[in-house]
Amino acid sequence: KHADEEGADGAATEEAHAPEPPKHDPKAPPTFLPLEAMVVNLADEGGNRFVQLAITLQLADPKVAEDMKVYMPTIRNGILMLISQRTAEQILKIEGKEELTQEIIGEISGVMGYDYEDPHAEPEAEVKGKKKKKRAVYNPIQGVLFSSFIVQ
């Protein structure tokens, strides 16, 4: 939600925008972990559409990348399952790619035991007008980058 929707008193706006932990140390670049290219059948009627894509994960540090390599078969399986539920129409739209990106982060976070909060999820209900101060969630997965994305 936008800050102007939070309220005019300013205090609620500050609470809603609590500082997040730093995404990375400015002195150290992020670590990139490329995954093997994938070819996945899409959920289109007739089953004759597929996507070929290459994904690179942007991570906080090399240790996270090393930890993930141990779980790579499970991570790849989860990503394949997420993609196979999409239609070509869904996956070709920018909104569909953004949603898929968040779901991939959520899937990997579940496998790795990282805290994850989907930024597109519906906010929890407020209790009698009181806004619950949100604790920022730190997740070492900084991004999902598509280095190749072909739908046929």
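The values are calculated or read from the model by the stated rules, or taken from the named source; none is laboratory data. On a predicted model such as this, the values are computed, not experimentally measured, just so you know. We place every Cβ from the backbone using ideal geometry, glycine too, and count neighbours over all the protein chains shown. Heads up: the accessible areas ignore ligands, DNA and RNA and are worked out on the full protein's heavy atoms, side chains in. Shrake-Rupley method; radii C 1.70, N 1.55, O 1.52, S 1.80 Å.
Which one of Lys1, Lys27 is in contact with a Pro (Cβ under 8 Å, 6 or more places away or on another chain), outside any strand (DSSP E or B), open to solvent by 50 Å² or more (accessible area, probe 1.4 Å) and modelled with pLDDT under 95? Before the answer, list the steps.
Numbers: Lys27 fails: in contact with a Pro (Cβ under 8 Å, 6 or more places away or on another chain).
None of the other options fit; the residue is Lys1.
Name the pairs whose Cβ atoms lie under 6 Å apart, with the first residue in region 97-118 and over 16 Å from Ile79 (Cα atoms), the second of a type in the set (A, V, I, L, M) and modelled with pLDDT under 95, and 6 or more positions between them or separate chains?
Asp115/Val137; Glu117/Val137
Restricting the search to region 32-45, which residues are of a type in the set (A, V, I, L, M, F, W, C) and either in a loop (DSSP other than H, G, I, E, B) or open to solvent by 40 Å² or more (accessible area, probe 1.4 Å) (or both)?
Taking region 32-45 as the starting set, the residues that turn out to be of a type in the set (A, V, I, L, M, F, W, C) are 32-33, 35, 37-40, 42-43.
Within region 32-45, Phe32, Leu35, Ala37, Val39, Leu42, Ala43 meet the criteria.
Could you run through region 112-150 and say how many residues are exposed (fewer than 15 other Cβ atoms within 10 Å of the Cβ), outside any loop (DSSP other than H, G, I, E, B) and modelled with pLDDT of 80 or more?
Total satisfying the criteria: 7.
Please identify the pairs in which a residue from region 46-62 that is open to solvent by 60 Å² or more (accessible area, probe 1.4 Å) has its Cβ atom under 6 Å from the Cβ atom of a residue that is among the small types (Gly, Ala, Ser), counting only partners at least 6 apart or on another chain.
Arg49/Ala88
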